[in-house]
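Notes follow the structure.
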There are 4 protein chains.
Amino acid sequence: MDYQGVLTEIAASVKGLVGSGQVADYIPALSSVDPDQFGIAVADVHGEVHGVGDWQVPFSVQSVSKPFALALALAHSGEGIWRRVGREPSGTAFNSLVQLEHEHGVPRNPFINAGALVITDHLVTTTGDAGTAVLDLLRAESGNPHISVDEDVAISELANADRNAALAHLMASYGNMENPVPVVLENYFWQCAVRMSCRDLATAGLFLAREGVRADGSRLLSGSLTKRVNSVMLTCGTYDAAGDFAYRVGLPGKSGVGGGILAVIPNRCALCVWSPGLDARGNSVAGVAALEEFTTLTGWSVF
Amino acid sequence: MDYQGVLTEIAASVKGLVGSGQVADYIPALSSVDPDQFGIAVADVHGEVHGVGDWQVPFSVQSVSKPFALALALAHSGEGIWRRVGREPSGTAFNSLVQLEHEHGVPRNPFINAGALVITDHLVTTTGDAGTAVLDLLRAESGNPHISVDEDVAISELANADRNAALAHLMASYGNMENPVPVVLENYFWQCAVRMSCRDLATAGLFLAREGVRADGSRLLSGSLTKRVNSVMLTCGTYDAAGDFAYRVGLPGKSGVGGGILAVIPNRCALCVWSPGLDARGNSVAGVAALEEFTTLTGWSVF
Amino acid sequence: MDYQGVLTEIAASVKGLVGSGQVADYIPALSSVDPDQFGIAVADVHGEVHGVGDWQVPFSVQSVSKPFALALALAHSGEGIWRRVGREPSGTAFNSLVQLEHEHGVPRNPFINAGALVITDHLVTTTGDAGTAVLDLLRAESGNPHISVDEDVAISELANADRNAALAHLMASYGNMENPVPVVLENYFWQCAVRMSCRDLATAGLFLAREGVRADGSRLLSGSLTKRVNSVMLTCGTYDAAGDFAYRVGLPGKSGVGGGILAVIPNRCALCVWSPGLDARGNSVAGVAALEEFTTLTGWSVF
Amino acid sequence: MDYQGVLTEIAASVKGLVGSGQVADYIPALSSVDPDQFGIAVADVHGEVHGVGDWQVPFSVQSVSKPFALALALAHSGEGIWRRVGREPSGTAFNSLVQLEHEHGVPRNPFINAGALVITDHLVTTTGDAGTAVLDLLRAESGNPHISVDEDVAISELANADRNAALAHLMASYGNMENPVPVVLENYFWQCAVRMSCRDLATAGLFLAREGVRADGSRLLSGSLTKRVNSVMLTCGTYDAAGDFAYRVGLPGKSGVGGGILAVIPNRCALCVWSPGLDARGNSVAGVAALEEFTTLTGWSVF
């Protein structure tokens, strides 16, 4: 596969979309990013890494950290975590608190905020420091020890945490929170505020395309559990647009409000695309279009 | 692949589950079925068909007819149908009427009842007789001209149609119904009441594994549209258990309350499993277990 | 009490509001009414009737017929009707279908559409002809035998009945509908399409201020049941603005989208005000203001 | 009126209900109360106070403090408070978080928890110490300077505050919280944990029956605002049973999970009844029955 040629063609094809959409603006540290950026990188299972555009520029990973946290929790504790969080699509964004109430404090899946708070809480219990545990995994898998947390972003998120605090307290009221809410929130925002480039994220996600095998050849997850993480990414990875993402792109993927999206093609490669402008459902406009173009050009949709 | 051996092993493995769960009992014609039946069939893209157990016994296809109706609507009208129906998972069963109200009469996807009523309505408009159009497709693709509608079931469903009538009238109140509600309901129940065996259904579904190519070599859908039908089956095909089905089975699939499930492995084969006992979310208990076993034994999950 | 003086003062006071708001426009027969009309009438328990403005002009009573239907149902069948319909405020308009689904087809109260359909269904069962039963009551209590149904309105409503049909079918799916949905809808629209003046409605409502005693001196309801109808009017009579109406006006009242409102001051009088312009919650803008002015001037709020 | 005779008759009449229902058990300090207690007191506008049973035994007032907090907020700030909280019945208990989300952090009314938190927040802003402000009002109006807060209850509530914290943080996320959530929660629980007897509460509530005039002859609220507090009590004072309470009792009333209910008969008297056993909607079983009996015997329903 001529990855470099494909990526170059994609970059040309989505050029008109870069800068469109809306940059996340709920905290100043995110809203000040230049919207006219676009990068895409692919890391294949044989060790090749290619990229075009701003593929080496670090950005705020935000929710793209969630599959890494999920993988860690599964690695530590196995499928027992599903007692505390489901693995069903949530339906609508608006429903989050409703569903949490209906379903007695058990969030729908680990990729909505409520579910990610449960995973964080679990990692706080099992590792003592969920933020560091996720950061260590990201550094080790990307091979980049300089990856770090943007403390301005983390602090700014903590200062605007009321909605996540509401979710965490509601779960606590149902007995589904093991650690104090402020501790869980801090660990949660810490992992969201990590800054990485497309190159780093694609490389770090490679274990999801390699049946759970890490950069150092050891195994993080069994092949079966890895497929399961991928299935949750496909059905729940792009907020209330998971069906549309599956329809257009046809790959397991996880997006973040920083404009990044990580996608996995089992046994082939991991991809990361980034462009800050978001659509109404919180996914990068140029990013989704680039991934759609990728599966169209390569025919590598899982369907 | 030794299909016959794999299917035999699966049948032995799920034997203890056959008869468990609850047979659909909302109409007498369905509740009287013998729960101790199990069949599974696989039709591969090279023309082989294998099966074990009650794989040649006809049963009521119910919602397994929905992907065929969707494929027909896409074949006739292309992606314009998405103006009238979405392609996102619905979240929770209980939400159906809520969501329909929130989203102004546009149902979440074509595989919940409301969405299937829209597809039926569309086919009534474009073909004049949606029930016959779907039946003709099922006969042609399965190669079995004797497939027929169980009129007792159809009549019994019509006599218990209040909930579907409520959905249809609600959509009509938003202008999302082109034909009179009673006409749409009759055409809808007609296609649900078709009786087919696992053999017939696996064979009929083969075009979904062959990028849209029909039994006679002509094309029903483009390769791209076929992938898209598969993606909707994966994210929305098993009611409010789509995430769990993707997690355990890892295949596009569509279940029905008659106990049948159709699954697709792109470029390899189509599968149909049947056992009448349903779990709490309306999917065949032994059927889901058999498909999970199939992807475990073959490694053919899409993830 | 100088009723005539009070009514004249009120008419002057609300003059600036007449014509504001939005005339009901979901059917042509209602949307064509002249918005610049205002009438108010009071009928006291001693037999006096006073009015100002367009108080003798007939208008479409719409939901103002609902307390009369409820009174008839209670008179025929007593408190057993509460097995089929509740007497709690509904919370939000938008919730109607949600609540109906949650609460298994038992509507919140007899003054939302779903509840009024249950009352109509009950009257169809007990009287054979709910529309005529309500019309007869309105004629007898107002002393005006010429009151009639506007058939254009009734037919137009029937032609736009999808939402009410959805409610009725949903209730039928829970076993809470005794007669065929089309029969219930026809009887329901028949009573909504009655045309009456403020004079007629205030006079007809007098039994609610007289502890259940009718115009002819006989008793329709016991004193206790009459108080209970008044309590349901206060808590549920003005759609999702019942709390605001109680706060501003402080009287049991029932509004209709024709712009009429009937209010009751126990042991003193019944009032009817009419002006077609509606606020966002479906209540007459000038009408609510006029009633608020009435209780301010007289001090006759129930609180 | 022979109050003593009426109260004695009521006590005899509801005797069989005392001890039935369920004592509030979400905190130990409440669950340990003896369920076989019943008291009722009436304070009339002429200064008479009567009582029977355990009418002089202090109990935890809980939500019965809410109308006093509302009255203080209206006294300090007038009707501007309605920008931050509505005055509509909430519909269903289950909906509280849903509605809060739908309605952008503006709670339905001041008597559900979310609304009471807004009122408390407002009083923290205007008085500096909402807990003490409410306590001072209760002492002054009851004439009992020994009324105090049960600190065990307050501390126990704070330790189980997750659900209220979720509500407060959700409102904060919409900008509807002026003070830090922990401060508001502490002030809120402080006023709920006040211990008073039926005698004290009936006397303290008398200003609501006297058009706003306090025990010392000064005015807390205008007559018009007092009527408005009463109207909110009637439509929203008994959780999701307000319609039923209005139907059966026909008075403005406010209940608490300690088993107390305060009711107001404008221009006549204030009543307080107490018995710890609660019905499924959180209102005292024997208490509601006693008030129903009171209006039946006296004919003093507002309807």
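Values quoted throughout were computed directly from the atomic coordinates according to the rules given, and no laboratory measurement underlies them. The structure presented is a predicted model; accordingly, all values stated were derived computationally and were not measured. So basically every Cβ, Gly included, is an ideal-geometry build from the backbone, and we count neighbours across all protein chains shown.
Observations on the structure shown:
- With R₀ set to 56 Å, the beta-carbon distance separating B:Tyr174 from D:Asp152 gives a calculated FRET efficiency near 0.50.
- Leading residue at positive end of dipole, the range C:3-298 (Cβ point charges), from C:Thr235, C:Leu137, C:Leu201: C:Thr235
- GNM on chain A, alpha-carbon springs under 10 angstrom: the most fluctuating residue among A:Thr238, A:Thr126, A:Thr226 is A:Thr126.
- Among the cysteines of the protein assembly as shown, those with no neighbouring cysteine Cβ under 4.7 Å are A:Cys192, A:Cys236, A:Cys269, B:Cys192, B:Cys236, B:Cys269, C:Cys192, C:Cys236, C:Cys269, D:Cys192, D:Cys236, D:Cys269.
- Euclidean distance between Cα centres, the range A:180-251 to the range C:158-214, Å: 56 Å
- The label point for A:Ala12 and the one for B:Thr296, both projected 7 Å from the Cα toward the Cβ, are 4.9 nm apart.
- Three-way shape label, the range A:22-122, alpha-carbon gyration tensor, a/c 1.5: oblate
- Normalised contact order of the range A:167-303, rounded percent, pairs of Cα under 8 Å and 6 or more residues apart: 19 percent
- Loop-located GluC sites (Glu not before Pro) in the range A:1-96 whose Cβ has at most 15 other Cβ within 10 Å (DSSP): A:Glu48
- The three principal axes of the Cα atoms in the range B:182-233 give end-to-end lengths of 35, 23, 20 Å, sorted in falling order.
- Only helical runs count toward this figure. For chain B, summing -39,500 (n - 2.57) over DSSP H runs of n ≥ 4 and dividing by all residues gives -13500 deg cm²/dmol at 222 nm.
- Nitroxide proxy distance, nm - points 7 Å out along Cα→Cβ at B:Asp25 and C:Gln4: 7.2 nm
- Model label zone, C:Asn267; criterion: amide N under 19 Å from point 7 Å along Cα-to-beta-carbon; scope the range C:287-303: C:295, C:298-303
- For the protein assembly as shown, size of Cβ-based charge dipole, Lys and Arg +1, Asp and Glu -1, in debye: 0 debye
- Gyration tensor (alpha-carbon) shape descriptor, the range A:54-183, a/c threshold 1.5: prolate
- Between D:Gly51, D:Gly223, D:Gly256, the GNM of chain D built on Cα springs shorter than 10 angstrom shows D:Gly223 fluctuating the most.
- Ascending count of other beta-carbon atoms within 10 Å, so fewest first, for C:Asp152, A:Asp200: C:Asp152, A:Asp200
- The range D:25-63 and the range C:56-133: distance between their alpha carbon centers, rounded to Å: 38 Å
- Set C:Lys254/D:Lys227; C:Lys227/C:Lys254; A:Lys254/B:Lys66; D:Lys66/D:Lys227; A:Lys227/B:Lys66; D:Lys15/D:Lys227 screened for pairs whose C-alpha atoms are more than 25 Å apart: A:Lys254/B:Lys66; A:Lys227/B:Lys66; D:Lys15/D:Lys227
- Loop-resident sites, the range D:215-289, for chymotrypsin sites (Phe, Trp or Tyr not before Pro), counting at most 15 other Cβ within 10 Å (DSSP): none
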